[in-house]
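K.L.:
The structure follows.
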Amino acid sequence: MNGTVREQALRKLESIENMPSIPAILEPLLRYLSLPVDELQVQKVVDMISNDESLTVQCLHLANSPLYCRWQAVDSLRGAIMALGLGKMKEVALACSFMKMLPKQVGGIDPVIFWEHSLACAMVSRHLARKLSLPFAEKAYLAGLLHDFGVIANVTALPHEFAAALALARAKEIPLHEAETEVMGINHAESGRILAELWRLAPELIAVIGDHHSPAQAKTNRGLVALVGLVDLLCRMRGLGYGYAENRIVNLLEEEAYATLLEECPLVRGADWTRITFELDNYMYEVHNLVAALYRMQ
Amino acid sequence: MSTSASAREPNPKNFVPDLHLLGIRDVIYKTAGIFQRDHKLHLLKVRCTLRMKELGIGLLRDYFQYLTKPSGQVETTILLNGILVGETRFFRSMPQLDALRKIVLPKLVAAKSTAAARTLKIWSAGCSTGEEAYTLAIILLEASSLLDDWTCSVLATDLNQNSVEHAKRGIYGESSTRNVPPPLRQKYFVKDATGLSVSPEIRALVSFQRLNLLDGRHLSMIAKTDVIFCRNVLIHFDMASKTRVIEHLHNSLSPAGVLFVGHAESLFGVSNNFSLLHMPAAIAYEKTKTSLAKRRLL
Ligand SMILES: C[S@@+](CC[C@H](N)C(=O)[O-])C[C@H]1O[C@@H](n2cnc3c(N)ncnc32)[C@H](O)[C@@H]1O
Ligand SMILES: [Fe+2]
Ligand SMILES: [Fe+2]
């Protein structure tokens, strides 16, 4: 690999002023939400979130979305937080803040498409983890949602290089991370790890963000990393990728992510991947609607 | 195209099936692998009544006997012609056809490039009135730059004699040709008084045969097929018949061959000898490699 290109990219990623900063509301909110659930007070969370108008609106919207299975309309922030559950607030707060972080149309990746991909990975990862009774099912949603955190790092710190990589991926119909490596000697998994460590995200999130394209190399949380890696691949093959189709033929059972997942979770053997694929297609509609609605609100 | 005796007939609530009607259901099941469920039995009766009028038979009991005597095979064929539903059209399920064109054909050409004979065989199993088979022939002709010095052929089979005859005639109306892209319509169809007639160039690639997919003896003569399209056929079968048909298809497929089933159909639970393949927005199956089969048993 071209050492100098890679070193230049790394230098840009490692200087903090180039990187997106953690949204103001998020730090205190996350710190508070990491207390045990029974020590949390709904009113405190309401107070924090209501400081941020768009987060408030998005909470309301999420609380009313079919994803959270609401039957009754929720019309107050307090109601929304109760409906979503305090345990879910971390997920919602992170999701909403990240949604706002991707600059519109810089680097050629359409934010709507990017969030559709992220949300699809989140939903399918959780669905699969529950269905296969995997021990980390409750962590799967957020892990899926944030797995491509590095794309945000790249778009912000290396906008031109990233745009070139995306253009190359599109033209050659190859996976995005391969094109990134080709263009700038580094891919979004590596840069994602740098940003995730900077933000001090939870260890399992750092693992997923950093290793989802090379799950066999993950040192911790291997099952979760492999699951998200596999779901990411599936989403890309079913039209929920980065806005283009990769020209390739994939046998999931021959994938590194599958072998790793199988080592960690033998229950995966015998899973019905055809059905899982059809179930993923079911999410397409929900994902489109939710992302469109969240974007309209910003 | 044959329509079944038809969804137009309402299902009479208090329809009580005659014992002989149940016997006729068994004849159909044993011959074609198709089981007429109770709520469809009244349609079977309509079909039988039509035939009985033509034959001058008054009682179902007599018709049942007529079907089951040694010479009844001919009548079974005729009855089946009315029962087998053949809804189909040109260029059905585009993502699968794109996958064939962009991924599977190049893969096969690469895999077989060292073979002595440069031949490529595609089989449309359950071809109905032939639209799928001619579509495949068009795709082969359009891939001429890739298949320059290759000898290609399409075998097309169906159990319904009427459909096979229609297919051989190769003349189609508006509704079944509506998906043909205009340039291809220009190039490969000739308009005459009766409709759109398939050009001789395409016809030359395709051969039609009446064939029962449950007939192992005849099926064993179809060997070394590189691509099988068996779409929207298995849905009519119960598990036992599906398993039998799929085993036959497995034997007919070349080692690097690919099997396409209908876009919502699955081989899960039907056969372990096939592995799922993902291509952009399309799935297909390949023969399970022995190393994987072993790994699965571990
Ligand atoms: C819905 S059509 C599918 C046509 C085409 N493959 C497509 O997908 O558009 C199903 C066909 O399967 C045929 N079929 C049903 N049972 C069969 C059997 N046992 N052997 C061969 N063909 C059979 C029917 O006659 C019918 O034409
Ligand atoms: Fe990724
Ligand atoms: Fe991804």
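K.L.:
Between the stretch A:110-158 and the stretch A:192-215, how many Å separate their Cα centres?
P.N.:
After rounding, the separation between the Cα centres reads 12 Å.
K.L.:
State the percentage of accessible surface on the stretch A:21-100 attributable to carbon and sulfur atoms; use a 1.4 Å probe and exclude ligands, DNA and RNA. Write out the running numbers ahead of the final one.
P.N.:
Working: 2170 of 4070 Å².
Ligands and nucleic acids excluded, carbon and sulfur reach 53 percent.
K.L.:
Quick check for me: using +1 on Lys/Arg Cβ and -1 on Asp/Glu Cβ, what's the dipole size of the protein assembly as shown about its Cα centre, in debye to the nearest 20? Walk me through the numbers before you get to the answer.
P.N.:
Values: 65 positive and 60 negative charges, 386 e Å.
Roughly 1860 debye for the protein assembly as shown.
K.L.:
Another one. Please sort by residue number the chymotrypsin sites (Phe, Trp or Tyr not before Pro) in the stretch A:7-71 whose DSSP state is loop and whose Cβ has at most 14 other Cβ atoms within 10 Å. Please report the intermediate quantities before stating the final value.
P.N.:
On the way: sites: A:TYR32, A:TYR68, A:TRP71; in loops: A:TRP71.
Of the chymotrypsin sites (Phe, Trp or Tyr not before Pro), the ones in loops of the stretch A:7-71 whose Cβ has at most 14 other Cβ atoms within 10 Å are A:TRP71.
K.L.:
List every residue whose amide H lies under 5 Å from the amide H of B:PHE274, counting only residues 5 or more places away in sequence or on a different chain, with H placed 1.01 Å from N in the peptide plane.
P.N.:
Excluding prolines and chain starts, which carry no amide H, the hits are B:THR288.
K.L.:
So what are the radius of gyration and Dmax for the Cα set of the stretch B:53-208, in Å?
P.N.:
Values for the stretch B:53-208 (Cα only, Rg and Dmax): 19.3, 64 Å.
K.L.:
Follow-up. Can you give the charge dipole size of the stretch A:21-100 about its Cα centre, rounded to the nearest 20 debye, using +1 on the beta carbon of Lys and Arg and -1 on the beta carbon of Asp and Glu?
P.N.:
The calculation lands at about 140 debye.
K.L.:
Taking H as built 1.01 Å from N, whose amide H comes closer than 5 Å to the amide H of B:ARG231, not counting residues under 5 places away?
P.N.:
The answer is B:ALA125.
K.L.:
Residues of A:230-239, mean number of Cβ from any other protein chain within 10 Å of their own Cβ, rounded to a whole number?
P.N.:
Working: counts 0, 0, 0, 1, 1, 0, 2, 7, 6, 3.
For this peptide, the per-residue mean of nearby foreign Cβ atoms is 2.
K.L.:
Separate question: What 222 nm value per residue comes from the helices of the protein assembly as shown, counting each DSSP H run with n ≥ 4 as -39,500 (n - 2.57) and dividing by all residues, nearest 500 deg cm²/dmol?
P.N.:
Working: 30 runs with 321 residues, N = 596.
Helices in the protein assembly as shown give a 222 nm mean residue ellipticity of -16000 deg cm²/dmol.
K.L.:
Hey, another quick one. Relative to the present Cα-Cα distance, how much length would full extension add between A:ARG275 and A:GLU7 at 0.36 nm per residue of separation?
P.N.:
Details: separation 268, 0.36 × 268 = 96.48 nm, distance 4.39 nm.
My answer for the length gained is 92.1 nm.
K.L.:
Sticking with this structure for a sec: Positive end of the dipole of the stretch B:94-297, charges at C-beta (+1 Lys, Arg; -1 Asp, Glu), about the Cα centre: which of B:THR290, B:SER176, B:LEU141 has its Cα farthest in that direction?
P.N.:
B:THR290
K.L.:
Sticking with this one: Compute the whole-percent fraction of alpha carbon pairs in the protein assembly as shown spaced more than 47 Å apart. Walk me through the numbers before you get to the answer.
P.N.:
Numbers: 50584 of 177310 pairs.
Tail fraction, whole percent: 29.
K.L.:
Here's something else I'd like to know. For B:LYS242, tell me the accessible area in Å² from a 1.4 Å probe, rounded to the nearest 10.
P.N.:
For B:LYS242, solvent-accessible area is about 50 Å².
K.L.:
Percentage of Cα-Cα pair distances in the stretch B:94-297 greater than 23 Å, rounded to whole percent?
P.N.:
On the way: 9266 of 20706 pairs.
For the stretch B:94-297, the share of Cα pairs beyond 23 Å comes to 45 percent.
K.L.:
What span do the alpha-carbon atoms of the stretch A:21-100 cover on each of the three principal axes, reported in whole Å from largest to smallest?
P.N.:
Rounded to whole Å, the extents work out to 34, 30, 19 Å.
K.L.:
Filter the trypsin sites (Lys or Arg not before Pro) in the stretch B:148-230 to those in DSSP coil with at most 15 other Cβ atoms within 10 Å of their Cβ, and list the result. Could the numbers behind the result be given before it?
P.N.:
Numbers: sites: B:LYS168, B:ARG169, B:ARG178, B:ARG185, B:LYS187, B:LYS191, B:ARG203, B:ARG210, B:ARG217, B:LYS224; in loops: B:ARG178, B:LYS224.
Answer in residue order: B:ARG178, B:LYS224.
K.L.:
Quick one: what are the phi-derived ³J(HN,Hα) couplings along the stretch B:33-48, Karplus 6.51/-1.76/1.60 with θ = phi - 60°, whole Hz, x for glycine and proline?
P.N.:
Each residue of the stretch B:33-48 in turn: x, 9, 9, 7, 5, 3, 6, 9, 4, 5, 5, 4, 5, 4, 4, 5 Hz.
K.L.:
How many partner chain Cβ atoms sit within 10 Å of a residue's Cβ in peptide B:267-279, on average, as a whole number?
P.N.:
Shielding by partners across B:267-279 averages 4.
K.L.:
To the nearest hundred square angstrom, how large is the accessible surface buried between B and A, total for both chains, probe 1.4 angstrom?
P.N.:
Details: alone 15200 and 13440 Å², together 26690 Å².
So the buried area, both faces added, is about 1900 Å².
K.L.:
Indicate, rounded to the nearest 5 percent, the antiparallel portion of the DSSP beta bridges found entirely in the protein assembly as shown.
P.N.:
Working: 16 of 36 bridges.
Roughly 45 percent of the DSSP beta bridges within the protein assembly as shown come out antiparallel.
K.L.:
Please compute, for peptide A:242-251, the average count of beta-carbon atoms on other protein chains lying within 10 Å of each residue's beta-carbon. If you can, show how the numbers build up before the last one.
P.N.:
Details: counts 0, 0, 1, 7, 3, 7, 6, 14, 6, 9.
Counting other chains' Cβ atoms within 10 Å and averaging over A:242-251 gives 5.
K.L.:
Compute the accessible area of each residue in the stretch B:76-118 twice, once for its chain alone and once with every protein chain present, using a 1.4 Å probe on heavy atoms, and list those whose area falls by at least 30 Å².
P.N.:
Flagged in the stretch B:76-118: B:LYS102, B:ILE103.
K.L.:
Kindly point out which whole DSSP H helices in chain A project their C-alpha atoms 24 angstrom or further along the helix axis while averaging a Kyte-Doolittle hydropathy of -0.5 or above. Write down the numbers at each step before the final one.
P.N.:
Working: long enough: A:111-131 (29 Å, 0.30); A:273-297 (36 Å, -0.06).
Qualifying helices: A:111-131, A:273-297.
K.L.:
Please give every one of the aspartates and glutamates within straight-line cross-link reach of B:LYS289, meaning a C-alpha to C-alpha distance under 13 Å, and leave out same-chain neighbours fewer than 8 residues apart.
P.N.:
A:GLU254
K.L.:
Find which of A:HIS177, A:ALA153, A:TRP199 sits farthest along the positive direction of the dipole of the stretch A:151-201, computed with +1 on the beta-carbon of Lys and Arg, -1 on that of Asp and Glu, about the Cα centre.
P.N.:
After comparing all options, I get A:TRP199.
K.L.:
Which value, in Å², gives the accessible area per residue of the protein assembly as shown when a 1.4 Å probe is used on the protein heavy atoms? Mind dumping the intermediate values first?
P.N.:
Numbers: 26690 Å² over 596 residues.
On a per-residue basis, 45 Å².
K.L.:
By a straight-distance test (C-alpha under 27 Å), which lysines pair with A:LYS139 as possible cross-link partners, with residues fewer than eight away in the same chain excluded?
P.N.:
Cα-Cα hits under 27 Å: A:LYS44, A:LYS88, A:LYS90, A:LYS100, A:LYS131, A:LYS219.
K.L.:
Same structure, new question: Once the dipole of the stretch A:21-100 is set up with Lys and Arg at +1 and Asp and Glu at -1 on Cβ about the Cα centre, which of A:LEU55, A:PRO28, A:PHE98 lies farthest towards its positive end?
P.N.:
Result: A:PHE98.
K.L.:
Treating the angle as unsigned and between 0 and 90°, give the value, to the nearest 10°, between the Cα long axis of helix B:73-83 and the longest Cα principal axis of chain B.
P.N.:
The angle comes out at about 80 degrees.
K.L.:
Measure off, as a whole percent, the carbon and sulfur share of the 1.4 Å-probe accessible area of the stretch B:94-297, all protein chains present. Mind showing how you got there, number by number?
P.N.:
Working: 4920 of 8790 Å².
Percent of accessible area from carbon and sulfur atoms in the stretch B:94-297: 56.
K.L.:
Nearest 20 debye, what's the magnitude of the dipole of the stretch B:182-298 about its Cα centre given +1 on Lys and Arg Cβ and -1 on Asp and Glu Cβ? Let's see the in-between values first.
P.N.:
On the way: 15 positive and 8 negative charges, 48 e Å.
It works out to roughly 240 debye.
K.L.:
I've got another one for you. What trypsin sites (Lys or Arg not before Pro) in the stretch A:198-298 are in a loop by DSSP, with at most 10 other Cβ atoms within 10 Å of the Cβ?
P.N.:
Details: sites: A:ARG200, A:LYS219, A:ARG222, A:ARG236, A:ARG238, A:ARG248, A:ARG269, A:ARG275, A:ARG296; in loops: A:ARG200, A:LYS219, A:ARG238, A:ARG248, A:ARG269.
In loop regions of the stretch A:198-298 (DSSP not H, G, I, E or B), the sparsely surrounded trypsin sites (Lys or Arg not before Pro) are A:LYS219.
K.L.:
To continue, here is another question. HN-Hα J couplings of the stretch B:179-190 from phi, Karplus 6.51/-1.76/1.60, θ = phi - 60°, integer Hz, Gly and Pro as x?
P.N.:
With coefficients 6.51, -1.76 and 1.60, one gets 8, 6, x, x, x, 6, 4, 4, 7, 10, 10, 10 Hz.
K.L.:
May I pose another question? What value in Å³ per residue do you get for the convex hull of the alpha-carbon atoms in the stretch A:39-178? Show your work: numbers first, answer last.
P.N.:
Details: hull volume 19.5 nm³, N = 140.
Residue-normalised Cα hull volume stands at 139 Å³.
The values are calculated or read from the model by the stated rules, or taken from the named source; none is laboratory data. Nothing here was measured: the structure is a model prediction, and the numbers come from that model. Cβ: placed from backbone, ideal geometry, glycine included. Neighbour counts: every protein chain shown. Note: areas computed on protein heavy atoms with side chains; ligands, DNA, RNA excluded. Shrake-Rupley method; radii C 1.70, N 1.55, O 1.52, S 1.80 Å.
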